[in-house]
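Let me begin by presenting the structure, written as C-alpha cells, before commenting on it.
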Amino acid sequence: MTGNENVKVTFQLDANDWHGHSTESLWAEKVGRATYRILNVPFFAKEISYFDVVYARKDRRGRLLFEAIVDRGGFSTMHLVAKTKKVLTTAFQQAFGRLESLGIDRERGESGDLV
C-alpha cells in the first residue's frame, strides 16, 4: 500500500513508571488490514522499535490502540535515562562517541537521549 496518510498508533504505558505517562502515540503508515509500520522512535513504550509492523484496533473514540507486534523491522531501541544533566554532558557524551563510530544514531527528548 502506498500513498496513505500517516496515522498515530497509541501504546498503553504504566503511568507509575519513571516517565509518568499513561500513553504514547507513534507515527505509523498502514501496510495491511489493521497493520501499521512504526515510523518513529518510541521515547517511553518498551519492546517496540522503528519500522516494526504492529496490529492495532480502533477504540470507541477512533484511536488506534496497539495490540501486538506482527513483524520486526530490524532496528533496536535502547532507552538511556540520565539522573542528572551532568551525566548527559560528560560520561554519556564520551560513551556515545564510541557508539556513534559504529553508525548508531540518537534522538534527544525532554527526558534524555534515545540511542
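The values are calculated or read from the model by the stated rules, or taken from the named source; none is laboratory data. Quantities reported herein were computed from a predicted structural model and do not represent experimental measurements. Quick reminder, even Gly has a Cβ in these numbers, built from the backbone with ideal geometry, and neighbours come from all protein chains shown. Only protein heavy atoms, including side chains, enter the accessible area calculation; ligands, DNA and RNA are left aside. Shrake-Rupley method; radii C 1.70, N 1.55, O 1.52, S 1.80 Å.
Given the structure, is D52 modelled with pLDDT of 80 or more, open to solvent by 70 Å² or more (accessible area, probe 1.4 Å) and not aliphatic (A, V, I, L, M)?
Values: modelled with pLDDT of 80 or more: yes; open to solvent by 70 Å² or more (accessible area, probe 1.4 Å): no; not aliphatic (A, V, I, L, M): yes.
No: the conditions fail for D52.
Just the residues that are over 21 Å from D17 (Cβ atoms) and touching a strand residue (DSSP E or B) at 6+ places or on another chain (Cβ under 8 Å), please, taken from region 51-67. Please lay out each step first, then the result.
Step one: list which residues in region 51-67 are over 21 Å from D17 (Cβ atoms), which gives 51, 53, 55-62, 64.
Result: F51, V53, Y55, A56, R57, K58, D59, L64.
For region 82-104, enumerate the residues that are at pLDDT below 75 and open to solvent by 80 Å² or more (accessible area, probe 1.4 Å).
K83, K85, K86, T89
Anything in region 12-40 that is touching a Leu at 6+ places or on another chain (Cβ under 8 Å) and in contact (Cβ under 8 Å) with a residue 40 or more places away in the chain? List them, or say none.
Filtering region 12-40 for residues touching a Leu at 6+ places or on another chain (Cβ under 8 Å) gives 12, 19, 21-24, 26-29, 36, 38-40.
Correct list: Q12, H19.
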